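A.B. asks: Supplied in C-alpha coordinates, the structure appears directly below.
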Amino acid sequence: MCSKRKTCHGGPSQQEQGSPAIANEVFVIDEEVSHLTRLKSEPSERTRACLHAGKSHISTFKLLSSRESNRSGFGRFSSADCSYALRKHLPVRGPWCVDSMDCAAYISQFSSDGSLLIAGFRGGRIRIYNADKKWKIHKDINCKSLRWTVSDIALSPDQQYLAYSSLTPTVHIVNVQNALKQSHANITDIHEGLNFSAADDESSFGIFSIKFSKDGHELVVGNSNESICIYDLGANKVTERIHAHVADVNAVTFADESSDVLYSGSDDSLCKVWDRRCHKSAKPVGVLAGHLDGVTFIDSRGDGHYFISNCKDQTIKLWDIRKLSSATKDCTPKAYEWDYRWMTYPSEARFLKHSYDQSLATFRGHSVLRTLIRCYFSPMHRSEVHIHRIQ
(Lines give C-alpha, C1' and ligand atoms only; values in the text may rest on other atoms or scores of the structure.)
Protein backbone atom coordinates (compact mmCIF):
# COMPACT_ATOMS: atom_id res chain seq x y z
CA MET A 1 0.00 0.00 0.00
CA CYS A 2 1.20 3.48 -0.71
CA SER A 3 2.10 5.53 2.33
CA LYS A 4 -0.92 7.46 3.51
CA ARG A 5 -0.82 11.13 2.71
CA LYS A 6 -3.42 13.45 4.13
CA THR A 7 -5.29 15.08 1.27
CA CYS A 8 -7.45 18.10 1.97
CA HIS A 9 -10.89 18.49 0.46
CA GLY A 10 -13.50 21.12 0.98
CA GLY A 11 -11.65 24.41 0.66
CA PRO A 12 -9.10 26.33 -1.35
CA SER A 13 -5.47 26.21 -0.35
CA GLN A 14 -3.59 29.39 0.42
CA GLN A 15 -1.74 29.05 -2.87
CA GLU A 16 -5.01 28.63 -4.73
CA GLN A 17 -6.44 31.76 -3.11
CA GLY A 18 -3.36 33.89 -3.75
CA SER A 19 -2.32 32.52 -7.15
CA PRO A 20 -5.31 31.36 -9.19
CA ALA A 21 -3.15 30.73 -12.26
CA ILE A 22 -1.75 27.22 -12.18
CA ALA A 23 1.73 26.63 -13.54
CA ASN A 24 0.87 23.94 -16.05
CA GLU A 25 0.85 26.05 -19.23
CA VAL A 26 3.76 24.19 -20.82
CA PHE A 27 2.01 20.84 -20.35
CA VAL A 28 -1.23 22.23 -21.84
CA ILE A 29 0.59 23.63 -24.87
CA ASP A 30 2.43 20.35 -25.40
CA GLU A 31 -0.86 18.46 -25.34
CA GLU A 32 -2.44 20.88 -27.83
CA VAL A 33 0.48 20.56 -30.25
CA SER A 34 0.36 16.78 -29.87
CA HIS A 35 -3.37 16.77 -30.57
CA LEU A 36 -3.05 18.91 -33.71
CA THR A 37 -0.14 16.79 -34.92
CA ARG A 38 -2.19 13.61 -34.67
CA LEU A 39 -5.03 15.21 -36.64
CA LYS A 40 -2.68 15.95 -39.55
CA SER A 41 -0.61 12.77 -39.45
CA GLU A 42 -0.14 10.48 -42.43
CA PRO A 43 0.92 6.80 -42.49
CA SER A 44 4.61 6.03 -42.71
CA GLU A 45 6.13 5.67 -46.19
CA ARG A 46 6.85 2.03 -45.46
CA THR A 47 3.17 1.34 -44.78
CA ARG A 48 2.01 3.18 -47.91
CA ALA A 49 4.53 1.27 -50.02
CA CYS A 50 3.52 -2.17 -48.81
CA LEU A 51 -0.16 -1.36 -49.38
CA HIS A 52 0.53 0.26 -52.78
CA ALA A 53 -1.63 3.13 -51.58
CA GLY A 54 0.22 6.06 -53.07
CA LYS A 55 -1.42 9.24 -51.80
CA SER A 56 -4.90 7.73 -51.50
CA HIS A 57 -6.78 7.26 -48.24
CA ILE A 58 -6.10 4.04 -46.28
CA SER A 59 -8.94 2.58 -44.26
CA THR A 60 -8.44 1.49 -40.67
CA PHE A 61 -9.40 -2.04 -41.72
CA LYS A 62 -6.56 -2.16 -44.26
CA LEU A 63 -4.11 -0.81 -41.71
CA LEU A 64 -5.09 -3.45 -39.15
CA SER A 65 -5.04 -6.25 -41.74
CA SER A 66 -1.59 -5.18 -42.87
CA ARG A 67 -0.32 -5.13 -39.32
CA GLU A 68 -1.75 -8.57 -38.50
CA SER A 69 -0.16 -10.09 -41.59
CA ASN A 70 3.06 -8.13 -40.99
CA ARG A 71 3.16 -6.91 -44.57
CA SER A 72 5.49 -4.05 -43.65
CA GLY A 73 7.92 -6.43 -41.95
CA PHE A 74 8.01 -4.08 -39.00
CA GLY A 75 5.74 -6.22 -36.78
CA ARG A 76 3.70 -3.33 -35.42
CA PHE A 77 2.34 0.14 -36.15
CA SER A 78 4.78 3.01 -36.35
CA SER A 79 3.96 6.17 -34.39
CA ALA A 80 2.77 7.77 -37.64
CA ASP A 81 0.47 4.80 -38.37
CA CYS A 82 -1.02 5.00 -34.86
CA SER A 83 -1.70 8.71 -35.23
CA TYR A 84 -3.23 8.24 -38.68
CA ALA A 85 -5.62 5.56 -37.38
CA LEU A 86 -6.49 7.68 -34.34
CA ARG A 87 -7.22 10.90 -36.14
CA LYS A 88 -10.64 9.72 -37.35
CA HIS A 89 -11.73 9.28 -33.75
CA LEU A 90 -10.29 12.45 -32.18
CA PRO A 91 -12.60 15.47 -31.82
CA VAL A 92 -12.03 18.11 -34.48
CA ARG A 93 -14.79 20.57 -33.56
CA GLY A 94 -15.19 22.59 -30.39
CA PRO A 95 -15.05 23.07 -27.60
CA TRP A 96 -17.85 25.61 -27.51
CA CYS A 97 -19.47 27.37 -24.57
CA VAL A 98 -22.84 26.03 -23.44
CA ASP A 99 -23.26 28.39 -20.49
CA SER A 100 -21.27 30.89 -18.43
CA MET A 101 -21.54 31.27 -14.66
CA ASP A 102 -19.78 33.51 -12.15
CA CYS A 103 -18.44 30.53 -10.16
CA ALA A 104 -16.42 27.42 -10.95
CA ALA A 105 -18.07 24.25 -12.24
CA TYR A 106 -16.73 21.15 -10.51
CA ILE A 107 -18.76 18.26 -11.89
CA SER A 108 -20.69 17.25 -14.98
CA GLN A 109 -22.61 14.19 -16.02
CA PHE A 110 -24.70 13.08 -18.99
CA SER A 111 -27.87 11.08 -18.57
CA SER A 112 -27.62 7.47 -19.76
CA ASP A 113 -29.33 8.30 -23.07
CA GLY A 114 -27.24 11.44 -23.62
CA SER A 115 -30.25 13.76 -23.74
CA LEU A 116 -29.43 15.69 -20.55
CA LEU A 117 -26.23 17.26 -19.24
CA ILE A 118 -26.11 18.04 -15.52
CA ALA A 119 -23.49 20.47 -14.19
CA GLY A 120 -22.80 21.37 -10.54
CA PHE A 121 -21.29 24.71 -9.57
CA ARG A 122 -19.45 25.90 -6.49
CA GLY A 123 -22.00 28.63 -5.80
CA GLY A 124 -24.69 26.13 -4.85
CA ARG A 125 -26.19 25.88 -8.32
CA ILE A 126 -26.99 22.89 -10.49
CA ARG A 127 -28.16 23.32 -14.05
CA ILE A 128 -29.60 20.65 -16.31
CA TYR A 129 -29.28 21.23 -20.05
CA ASN A 130 -31.32 19.56 -22.77
CA ALA A 131 -28.87 18.39 -25.44
CA ASP A 132 -31.71 17.67 -27.87
CA LYS A 133 -32.97 21.28 -27.66
CA LYS A 134 -29.72 23.12 -28.38
CA TRP A 135 -28.60 22.99 -24.74
CA LYS A 136 -31.63 24.85 -23.46
CA ILE A 137 -31.81 24.94 -19.64
CA HIS A 138 -34.18 22.19 -18.52
CA LYS A 139 -33.91 22.88 -14.79
CA ASP A 140 -32.09 25.54 -12.74
CA ILE A 141 -31.60 24.32 -9.16
CA ASN A 142 -30.60 26.40 -6.15
CA CYS A 143 -29.27 23.95 -3.56
CA LYS A 144 -29.48 23.98 0.21
CA SER A 145 -27.20 23.13 3.13
CA LEU A 146 -23.99 23.13 1.10
CA ARG A 147 -20.47 23.27 2.44
CA TRP A 148 -17.98 24.70 -0.08
CA THR A 149 -19.54 23.18 -3.23
CA VAL A 150 -21.70 20.51 -4.82
CA SER A 151 -19.41 17.48 -4.50
CA ASP A 152 -21.35 15.00 -6.64
CA ILE A 153 -24.60 14.47 -8.51
CA ALA A 154 -26.54 11.36 -9.54
CA LEU A 155 -29.55 11.05 -11.82
CA SER A 156 -32.01 8.26 -11.10
CA PRO A 157 -32.35 5.55 -13.79
CA ASP A 158 -35.77 6.86 -14.84
CA GLN A 159 -34.35 10.43 -14.98
CA GLN A 160 -37.07 11.57 -12.58
CA TYR A 161 -34.93 12.52 -9.60
CA LEU A 162 -31.55 14.13 -9.04
CA ALA A 163 -29.49 13.48 -5.91
CA TYR A 164 -26.78 15.96 -4.94
CA SER A 165 -24.21 15.94 -2.17
CA SER A 166 -21.80 18.33 -0.50
CA LEU A 167 -19.14 18.14 2.19
CA THR A 168 -21.82 17.30 4.75
CA PRO A 169 -23.46 13.98 5.78
CA THR A 170 -26.71 14.88 3.96
CA VAL A 171 -27.77 14.06 0.40
CA HIS A 172 -30.68 15.97 -1.10
CA ILE A 173 -33.10 14.68 -3.74
CA VAL A 174 -35.15 16.87 -6.08
CA ASN A 175 -37.72 16.08 -8.77
CA VAL A 176 -36.30 17.32 -12.09
CA GLN A 177 -39.25 16.39 -14.30
CA ASN A 178 -41.98 18.54 -12.76
CA ALA A 179 -43.25 21.67 -14.47
CA LEU A 180 -41.03 24.06 -12.54
CA LYS A 181 -37.98 25.33 -14.40
CA GLN A 182 -36.61 27.13 -11.32
CA SER A 183 -36.12 24.95 -8.26
CA HIS A 184 -35.28 26.86 -5.07
CA ALA A 185 -34.72 24.49 -2.17
CA ASN A 186 -37.83 24.30 0.02
CA ILE A 187 -39.18 27.58 -1.40
CA THR A 188 -40.52 26.68 -4.84
CA ASP A 189 -39.63 23.00 -4.62
CA ILE A 190 -38.99 20.29 -2.03
CA HIS A 191 -35.39 19.10 -1.69
CA GLU A 192 -35.72 16.06 0.54
CA GLY A 193 -32.73 15.50 2.81
CA LEU A 194 -31.31 12.02 3.47
CA ASN A 195 -29.11 11.87 6.57
CA PHE A 196 -26.15 9.46 6.32
CA SER A 197 -24.65 10.20 9.74
CA ALA A 198 -24.76 7.73 12.62
CA ALA A 199 -25.34 8.38 16.31
CA ASP A 200 -21.80 7.31 17.18
CA ASP A 201 -20.04 9.48 14.57
CA GLU A 202 -17.43 11.51 16.42
CA SER A 203 -17.48 14.34 13.89
CA SER A 204 -19.21 15.48 10.74
CA PHE A 205 -18.03 14.19 7.37
CA GLY A 206 -18.33 15.07 3.72
CA ILE A 207 -19.72 12.98 0.88
CA PHE A 208 -17.62 12.78 -2.28
CA SER A 209 -19.47 10.20 -4.37
CA ILE A 210 -23.12 9.16 -4.81
CA LYS A 211 -24.75 6.62 -7.12
CA PHE A 212 -28.25 5.22 -7.62
CA SER A 213 -28.69 1.48 -7.90
CA LYS A 214 -29.91 0.29 -11.29
CA ASP A 215 -33.46 -0.20 -9.97
CA GLY A 216 -33.45 3.26 -8.35
CA HIS A 217 -34.30 1.86 -4.91
CA GLU A 218 -30.98 2.55 -3.19
CA LEU A 219 -28.23 5.16 -2.98
CA VAL A 220 -24.59 4.37 -2.21
CA VAL A 221 -22.13 7.03 -1.04
CA GLY A 222 -18.41 7.28 -0.38
CA ASN A 223 -17.28 9.78 2.24
CA SER A 224 -14.43 11.42 4.13
CA ASN A 225 -15.16 9.10 7.06
CA GLU A 226 -13.33 6.39 5.07
CA SER A 227 -16.65 4.59 4.66
CA ILE A 228 -19.27 3.35 2.22
CA CYS A 229 -22.94 3.79 3.18
CA ILE A 230 -26.06 2.43 1.47
CA TYR A 231 -29.42 4.15 1.87
CA ASP A 232 -32.71 2.32 1.24
CA LEU A 233 -35.04 4.93 -0.26
CA GLY A 234 -38.14 2.85 0.47
CA ALA A 235 -37.27 2.29 4.12
CA ASN A 236 -35.88 5.86 4.37
CA LYS A 237 -32.77 4.85 6.31
CA VAL A 238 -29.14 3.79 6.03
CA THR A 239 -29.10 0.00 5.90
CA GLU A 240 -25.36 -0.73 5.52
CA ARG A 241 -22.11 0.90 6.64
CA ILE A 242 -18.69 -0.40 5.69
CA HIS A 243 -15.39 1.02 6.92
CA ALA A 244 -13.83 0.53 3.52
CA HIS A 245 -10.45 2.28 3.31
CA VAL A 246 -7.82 4.09 5.38
CA ALA A 247 -8.40 7.43 3.62
CA ASP A 248 -11.21 9.39 1.95
CA VAL A 249 -13.47 7.30 -0.28
CA ASN A 250 -13.64 9.48 -3.40
CA ALA A 251 -15.50 7.05 -5.65
CA VAL A 252 -18.07 4.29 -5.29
CA THR A 253 -20.48 2.63 -7.72
CA PHE A 254 -22.60 -0.47 -8.26
CA ALA A 255 -21.03 -3.09 -10.52
CA ASP A 256 -24.15 -4.16 -12.42
CA GLU A 257 -27.93 -4.34 -12.39
CA SER A 258 -28.05 -6.74 -9.44
CA SER A 259 -26.60 -4.11 -7.03
CA ASP A 260 -24.96 -6.93 -5.06
CA VAL A 261 -21.38 -5.92 -5.92
CA LEU A 262 -19.75 -2.53 -5.30
CA TYR A 263 -16.51 -0.93 -6.47
CA SER A 264 -14.75 1.72 -4.41
CA GLY A 265 -11.68 3.93 -4.84
CA SER A 266 -9.84 5.98 -2.26
CA ASP A 267 -7.02 8.38 -1.50
CA ASP A 268 -5.15 5.31 -0.21
CA SER A 269 -4.58 4.54 -3.96
CA LEU A 270 -6.52 1.26 -3.86
CA CYS A 271 -9.62 0.03 -5.65
CA LYS A 272 -11.69 -2.53 -3.75
CA VAL A 273 -14.52 -4.90 -4.64
CA TRP A 274 -17.34 -5.59 -2.18
CA ASP A 275 -20.00 -8.30 -2.30
CA ARG A 276 -23.03 -7.37 -0.19
CA ARG A 277 -24.06 -11.01 0.03
CA CYS A 278 -21.02 -11.72 2.18
CA HIS A 279 -20.27 -8.33 3.75
CA LYS A 280 -20.77 -9.28 7.39
CA SER A 281 -17.03 -9.54 7.93
CA ALA A 282 -16.71 -5.96 6.62
CA LYS A 283 -13.89 -7.13 4.36
CA PRO A 284 -13.65 -6.71 0.58
CA VAL A 285 -13.75 -9.78 -1.62
CA GLY A 286 -10.66 -8.41 -3.31
CA VAL A 287 -8.24 -5.54 -3.75
CA LEU A 288 -6.85 -4.08 -6.98
CA ALA A 289 -3.50 -2.31 -6.72
CA GLY A 290 -1.75 -0.37 -9.46
CA HIS A 291 -2.39 3.32 -8.91
CA LEU A 292 0.25 5.43 -7.19
CA ASP A 293 -1.99 8.17 -5.80
CA GLY A 294 -5.56 8.90 -4.80
CA VAL A 295 -8.33 7.44 -6.98
CA THR A 296 -10.71 10.22 -8.08
CA PHE A 297 -13.47 8.32 -9.90
CA ILE A 298 -14.72 4.87 -10.87
CA ASP A 299 -17.12 3.87 -13.65
CA SER A 300 -18.44 0.37 -14.17
CA ARG A 301 -18.96 -1.13 -17.60
CA GLY A 302 -22.12 -2.67 -16.15
CA ASP A 303 -21.21 -6.29 -16.90
CA GLY A 304 -19.96 -7.22 -13.42
CA HIS A 305 -16.40 -7.73 -14.68
CA TYR A 306 -14.80 -4.52 -15.92
CA PHE A 307 -14.46 -1.00 -14.57
CA ILE A 308 -12.20 2.00 -15.09
CA SER A 309 -10.66 4.30 -12.51
CA ASN A 310 -9.16 7.76 -12.79
CA CYS A 311 -6.34 8.80 -10.48
CA LYS A 312 -4.25 11.74 -9.31
CA ASP A 313 -1.22 9.88 -10.72
CA GLN A 314 -2.51 11.15 -14.11
CA THR A 315 -3.68 7.76 -15.37
CA ILE A 316 -6.88 5.90 -16.13
CA LYS A 317 -6.73 2.16 -15.57
CA LEU A 318 -8.92 -0.65 -16.86
CA TRP A 319 -9.59 -3.49 -14.42
CA ASP A 320 -11.03 -7.00 -14.53
CA ILE A 321 -12.29 -8.07 -11.11
CA ARG A 322 -11.58 -11.69 -12.01
CA LYS A 323 -7.91 -10.79 -11.60
CA LEU A 324 -8.16 -9.27 -8.14
CA SER A 325 -6.08 -10.35 -5.15
CA SER A 326 -7.18 -11.05 -1.60
CA ALA A 327 -4.25 -9.17 -0.05
CA THR A 328 -2.91 -5.65 -0.34
CA LYS A 329 0.43 -5.33 -2.10
CA ASP A 330 2.84 -2.69 -0.88
CA CYS A 331 4.11 -0.22 -3.46
CA THR A 332 7.24 1.89 -3.49
CA PRO A 333 6.77 4.90 -1.16
CA LYS A 334 6.38 8.19 -2.98
CA ALA A 335 9.45 10.36 -3.18
CA TYR A 336 7.38 13.45 -3.92
CA GLU A 337 4.65 15.55 -2.34
CA TRP A 338 2.17 17.63 -4.28
CA ASP A 339 -1.30 19.17 -4.02
CA TYR A 340 -3.49 18.43 -7.02
CA ARG A 341 -5.55 21.58 -6.43
CA TRP A 342 -2.82 24.04 -7.36
CA MET A 343 0.45 22.29 -8.24
CA THR A 344 1.69 20.79 -11.50
CA TYR A 345 2.18 17.04 -11.32
CA PRO A 346 5.88 16.26 -10.73
CA SER A 347 7.53 15.35 -14.03
CA GLU A 348 9.72 12.73 -12.35
CA ALA A 349 6.61 10.89 -11.16
CA ARG A 350 4.71 10.85 -14.46
CA PHE A 351 5.92 7.43 -15.61
CA LEU A 352 6.52 5.64 -12.34
CA LYS A 353 4.98 2.17 -12.19
CA HIS A 354 3.51 0.12 -9.39
CA SER A 355 5.48 -3.03 -8.62
CA TYR A 356 2.29 -5.13 -8.43
CA ASP A 357 0.08 -3.44 -11.01
CA GLN A 358 -2.98 -5.65 -11.60
CA SER A 359 -4.69 -3.49 -14.23
CA LEU A 360 -5.35 -4.67 -17.78
CA ALA A 361 -4.44 -1.36 -19.42
CA THR A 362 -3.23 2.11 -18.48
CA PHE A 363 -4.24 5.28 -20.33
CA ARG A 364 -2.22 8.50 -20.14
CA GLY A 365 -2.23 11.91 -21.77
CA HIS A 366 -4.85 13.75 -19.72
CA SER A 367 -4.31 15.76 -16.54
CA VAL A 368 -5.98 15.40 -13.14
CA LEU A 369 -5.68 18.85 -11.59
CA ARG A 370 -7.75 21.36 -9.61
CA THR A 371 -10.64 18.98 -8.89
CA LEU A 372 -11.49 15.26 -8.82
CA ILE A 373 -11.69 14.64 -12.57
CA ARG A 374 -14.24 12.04 -13.71
CA CYS A 375 -13.94 9.33 -16.37
CA TYR A 376 -16.70 7.33 -18.05
CA PHE A 377 -17.22 4.50 -20.48
CA SER A 378 -19.05 5.64 -23.59
CA PRO A 379 -22.49 4.07 -24.30
CA MET A 380 -22.61 0.28 -24.31
CA HIS A 381 -22.51 -0.08 -28.10
CA ARG A 382 -19.06 1.54 -28.19
CA SER A 383 -15.79 0.60 -26.51
CA GLU A 384 -14.29 3.94 -25.59
CA VAL A 385 -13.32 5.85 -22.47
CA HIS A 386 -14.39 9.47 -22.02
CA ILE A 387 -12.96 12.01 -19.59
CA HIS A 388 -15.25 14.68 -18.17
CA ARG A 389 -13.51 17.84 -17.05
CA ILE A 390 -15.05 21.19 -16.30
CA GLN A 391 -13.14 24.25 -15.16
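The values are calculated or read from the model by the stated rules, or taken from the named source; none is laboratory data. These numbers come from a predicted model, not from an experiment. Don't worry about glycine lacking a Cβ; one is built from the backbone with ideal geometry, like all the others, and counts go over all protein chains shown. Side chains included, ligands, DNA and RNA excluded: accessible areas come from the protein's heavy atoms. Shrake-Rupley method; radii C 1.70, N 1.55, O 1.52, S 1.80 Å.
A.B. asks: Hey, which of these cross-link pairs are over 26 Å Cα-Cα: LYS144/LYS272; LYS214/LYS272; LYS214/LYS317; LYS55/LYS317; LYS134/LYS317; LYS133/LYS312? Kindly include the intermediate steps, with their values, before the conclusion.
C.D. replies: Numbers: LYS144/LYS272 32 Å; LYS214/LYS272 20 Å; LYS214/LYS317 24 Å; LYS55/LYS317 37 Å; LYS134/LYS317 34 Å; LYS133/LYS312 35 Å.
From LYS144/LYS272; LYS214/LYS272; LYS214/LYS317; LYS55/LYS317; LYS134/LYS317; LYS133/LYS312, over 26 Å: LYS144/LYS272; LYS55/LYS317; LYS134/LYS317; LYS133/LYS312.
A.B. asks: So, one more: When ranked by the protection proxy of mean other Cβ atoms within 10 Å per residue, highest first, what sequence do the peptides 154-164, 176-186 form? The partial results should precede the final answer.
C.D. replies: Details: 154-164: 18.8, 176-186: 14.2.
Descending packing order for the listed peptides: 154-164, 176-186.
A.B. asks: Rounding to the nearest 20 debye, state how big the charge dipole of the range 218-355 is about its Cα centre with +1 on each Lys and Arg Cβ and -1 on each Asp and Glu Cβ. Working shown, then result.
C.D. replies: Numbers: 17 positive and 20 negative charges, 65 e Å.
Rounded to the nearest 20 debye, it is 320 debye.
A.B. asks: Here's something else I'd like to know. Work out, step by step, the length gained on full extension between ASN195 and LYS214: first 0.36 nm times the residue separation, then minus their alpha carbon distance; give nm to one decimal.
C.D. replies: On the way: separation 19, 0.36 × 19 = 6.84 nm, distance 2.13 nm.
Difference between extended and current length: 4.7 nm.
A.B. asks: With a ≥ b ≥ c taken as the square roots of the eigenvalues of the C-alpha gyration tensor of the range 46-137, please select rounded if a/c is under 1.5 and otherwise prolate if a/b is larger than b/c or oblate if it is not?
C.D. replies: On the way: a/c = 3.72, a/b = 3.39, b/c = 1.10.
Because a/c hits 1.5 or more and a/b exceeds b/c, the range 46-137 counts as prolate.
A.B. asks: Same structure again: Roughly to the nearest percent, how much of the accessible area of the range 78-150 is carbon and sulfur, given a 1.4 Å probe? Provide the component values of the computation, followed by the final result.
C.D. replies: Numbers: 2040 of 4010 Å².
Summing carbon and sulfur atoms, their accessible area is 51 percent of the total for the range 78-150.
A.B. asks: Hey, another quick one. Given axes a ≥ b ≥ c from the Cα gyration tensor, I'd like to know whether the range 153-222 is rounded (a/c under 1.5), prolate (a/b larger than b/c) or oblate.
C.D. replies: Oblate, because a/c is 1.5 or more while a/b does not exceed b/c.
A.B. asks: In a shell of Cβ-Cβ distance under 13 Å around GLY216, excluding GLY216 itself, what net charge do Lys and Arg (+1) and Asp and Glu (-1) give? Intermediate results must be reported in sequence, preceding the final value.
C.D. replies: Numbers: positive: LYS211, LYS214; negative: ASP158, ASP215, GLU218, ASP232, GLU257.
Local charge sum for GLY216: -3.
A.B. asks: Can you quote the Å³ per residue value for the convex hull of the Cα atoms in the range 220-297, rounded to an integer?
C.D. replies: On the way: hull volume 6.9 nm³, N = 78.
Spelled out: Cα convex hull of the range 220-297, divided by residues, is 89 Å³.
A.B. asks: In Å², and per residue, what accessible area does the range 95-235 have when probed at 1.4 Å with the other protein chains present? Could you put the intermediate results ahead of the total?
C.D. replies: Numbers: 6260 Å² over 141 residues.
The answer is 44 Å² per residue.
A.B. asks: Classify the range 34-193: rounded, prolate or oblate, from the alpha-carbon gyration tensor (a ≥ b ≥ c, eigenvalue square roots; a/c under 1.5 rounded; otherwise prolate if a/b is larger than b/c)? Don't skip to the answer; put the middle values down first.
C.D. replies: Details: a/c = 3.40, a/b = 3.31, b/c = 1.03.
Prolate.
A.B. asks: Another question, if that's okay. Sorted by average packing, counted as other Cβ atoms within 10 angstrom per residue and highest first, what order do 59-72, 136-149 take?
C.D. replies: Values: 59-72: 13.6, 136-149: 17.6.
The densest-packed peptide leads the list: 136-149, 59-72.
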